[in-house]
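Have a look at the structure below before the remarks.
The values are calculated or read from the model by the stated rules, or taken from the named source; none is laboratory data. Model, not experiment: these values are computed from the prediction. Neighbour counts are summed over all protein chains in view; Cβ atoms, including those assigned to glycine, are modelled from backbone coordinates with ideal geometry. Side chains included, ligands, DNA and RNA excluded: accessible areas come from the protein's heavy atoms. Shrake-Rupley method; radii C 1.70, N 1.55, O 1.52, S 1.80 Å.
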Amino acid sequence: MRTGSTGRGLALAAALASLITVLFMAPASADRAAPAPDSSAMKPAAAAAPAAFTHPGVLVSRPQLDFVRGRVQAGAQPWKSAYDQMLASKYASLTRTAKPRAVVECGSYSNPNYGCTDEREDAIAAYTLALAWYITQDSRYAQKAVEIMDAWSAVIQDHTNSNAPLQTGWAGSSWPRAAEIIKYTYSSWPNSGRFATMLRNVYLPKVINGSNSNGNWELSMTEAAIGIAVFLEDRTSYDKAVAKFRGRVPAYIYLTSDGALPKTAPGSGLDTRDEIINYWQGQTTFMDGLSQETCRDLTHTGYGISAISHIAETGRIQGQDLYPEIADRLRHALGLHSKYQLGTAVPSSLCGGTLKDNLGPVTEVGFNALHNRMGIAMTNTQTLTEQQRPAGSNNLFVAWETLTHANNPN
């Protein structure tokens, strides 16, 4: 027994010595970013998908739509002016002709643009017409939405070129919103199964695995993935999209509690200080609410903020409220960028003292969720949101959010 015990002791000592040697031989790397503690890694993430999906349930729910319909019928503001704006837009036209194509080819900065604008705008039109149908109960709007969706589902096969993932994300965010309303509130859509096949085969594969490009890409792709998963009642894809969301949001919006450097998204490959700062557009001073794209411009930042809000809104409708997880990041992001868009002088420590462009019509969903439902004071965001009413469309994947979400309690 004594000999065996001594042998085990010698073996343990040798293993310890080997470990110490390895540790001391490891090269030091002063510029390597220390990973921030990740509480999600300490416990398995809970499944996000509901046992039964709620329909319509992508960005807008039936109770939300009923609230909007009642407000518009009562002539109440800001919903009536938002509705009038929507109905006067090209997207609500009952004479619209869809322009589908088999392959949509989108290069950087829309060069080339073979069907890219047509696809995005047809998808927004389908959603616009679906909203008009629900509010008016005029079946002509539903039939036109069906006509547009059927035209695309009969033809499209692929998205190509460098912007294909982003294009798929943008169009793929609008299509399920329209499809959910029509399938679950209108009496007749014989080709809804073909539309589902289109989403499953053409759109979902392009967006479900995310992107290591700028954060607005992955967030828009994830928004498309979660909306498509709801329409398809695909629990596996839903859970995968929520996992992407949980990894990306902390890597897109900085909080001082993150430490000296922003968090990085899983799989990003960013593991040095220089790489992270370069990814954050050269910004070296970090503050609550700063976005990975703030120093690029506010417009792309707005895309990211909008997609975050949309994903959280869909999750909430489906019974998994993601807002509490992201509330601090989202409120600080909305507040910081709203403050400077409203005219506060930009300090030299922030993007060299200059911010470009504006957020766009993207604040309503997040503001309603955080301020009206959760009771968070958001003075700058409220001022900007109310100034911009009625919020229209960015012609990419955002449309009519004063109508759908302003002061919507549901």
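Below is a table of values for the structure above.
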{"item": "Evaluation of residue 383 against (1) more than 21 Å from the chain's Cα centre (by Cα); (2) open to solvent by less than 60 Å² (accessible area, probe 1.4 Å); (3) under 18 Å from residue 286 (Cβ atoms); (4) in contact (Cβ under 8 Å) with a residue 12 or more places away in the chain (one fails), failing number", "result": "(3)"}
{"item": "Residue check for residue 397: without any contact (Cβ under 8 Å) to a residue 40 or more places away in the chain and within 21 Å of the chain's Cα centre (by Cα)", "result": "no"}
{"item": "Residue in the range 209-222 that is farther than 16 Å from residue 307 by Cα and crowded, with 17+ Cβ neighbours inside 10 Å present", "result": "no"}
{"item": "From 391, 327, residue being in a helix (DSSP H, G or I) and either touching a residue at least 24 places away in the same chain (Cβ under 8 Å) or open to solvent by less than 40 Å² (accessible area, probe 1.4 Å) (or both)", "result": "327"}
{"item": "Any helices (runs of 4 or more DSSP H) falling wholly within the range 187-292 and containing at least 1 residues that are more than 30 Å from residue 149 (Cα to Cα) and over 15 Å from the mean Cα position of the chain (by Cα)", "result": "273-279"}
{"item": "Unique match (being at positive phi and touching a residue at least 12 places away in the same chain (Cβ under 8 Å)) among 107, 115, 57", "result": "115"}
{"item": "Any hit, the range 348-359, residues being within 16 Å of the chain's Cα centre (by Cα), assigned to a loop (DSSP other than H, G, I, E, B), buried (at least 20 other Cβ atoms within 10 Å of the Cβ) and not small (Gly, Ala, Ser)", "result": "yes"}
{"item": "Of residues in the range 156-186 being open to solvent by less than 20 Å² (accessible area, probe 1.4 Å) and among the charged types (D, E, K, R), the one nearest to the chain's Cα centre (by Cα)", "result": "177"}
{"item": "Residue pairs meeting the criteria (Cβ under 7 Å; at least 6 apart or on separate chains; first farther than 17 Å from residue 247 by Cβ, in the range 270-291; second among the hydroxyl-bearing types (Ser, Thr, Tyr) and in a helix (DSSP H, G or I))", "result": "288/256"}
{"item": "Complete set of residues in the range 261-304 that are open to solvent by 40 Å² or more (accessible area, probe 1.4 Å) and of a type in the set (D, E, K, R)", "result": "263, 271, 273, 274, 275, 288, 296"}
{"item": "Number of positions in the range 134-155 that are open to solvent by less than 10 Å² (accessible area, probe 1.4 Å) and either touching a Leu at 6+ places or on another chain (Cβ under 6 Å) or farther than 23 Å from residue 62 by Cα (or both)", "result": "2"}
{"item": "Test for residue 242: is it open to solvent by less than 10 Å² (accessible area, probe 1.4 Å) and at pLDDT 95 or above", "result": "yes"}
{"item": "Odd one out for residue 311, checked against (1) in a loop (DSSP other than H, G, I, E, B); (2) more than 28 Å from residue 77 (Cβ to Cβ)", "result": "(1)"}
{"item": "Every pair of residues 6+ apart whose Cβ atoms lie under 7 Å, when the first sits in the range 239-264 and is β-branched (Val, Ile, Thr) while the second is modelled with pLDDT under 95", "result": "242/48"}
{"item": "Residues being among the polar types (S, T, N, Q), surrounded by fewer than 21 Cβ atoms within 10 Å (Cβ to Cβ) and part of a helix (DSSP H, G or I) - total across the range 112-133", "result": "1"}
{"item": "Evaluation of residue 109 against (1) assigned to a helix (DSSP H, G or I); (2) loosely packed, with under 13 Cβ neighbours inside 10 Å; (3) modelled with pLDDT under 85; (4) not acidic (Asp, Glu) (one fails), failing number", "result": "(3)"}
{"item": "Filter result (basic (Lys, Arg) and either touching a Lys or Arg at 6+ places or on another chain (Cβ under 9 Å) or surrounded by fewer than 23 Cβ atoms within 10 Å (Cβ to Cβ) (or both)) within the range 330-347", "result": "339"}
{"item": "Check on residue 373, open to solvent by 40 Å² or more (accessible area, probe 1.4 Å) and more than 18 Å from the chain's Cα centre (by Cα)", "result": "yes"}
{"item": "Residue 230 closer than 22 Å to residue 320 by Cα, in contact with a strand residue (DSSP E or B) (Cβ under 6 Å, 6 or more places away or on another chain) and either hydrophobic (A, V, I, L, M, F, W, C) or surrounded by fewer than 24 Cβ atoms within 10 Å (Cβ to Cβ) (or both)", "result": "yes"}
{"item": "Some residue of the range 310-317 being buried (at least 16 other Cβ atoms within 10 Å of the Cβ), touching a Cys at 6+ places or on another chain (Cβ under 9 Å) and not basic (Lys, Arg)", "result": "no"}
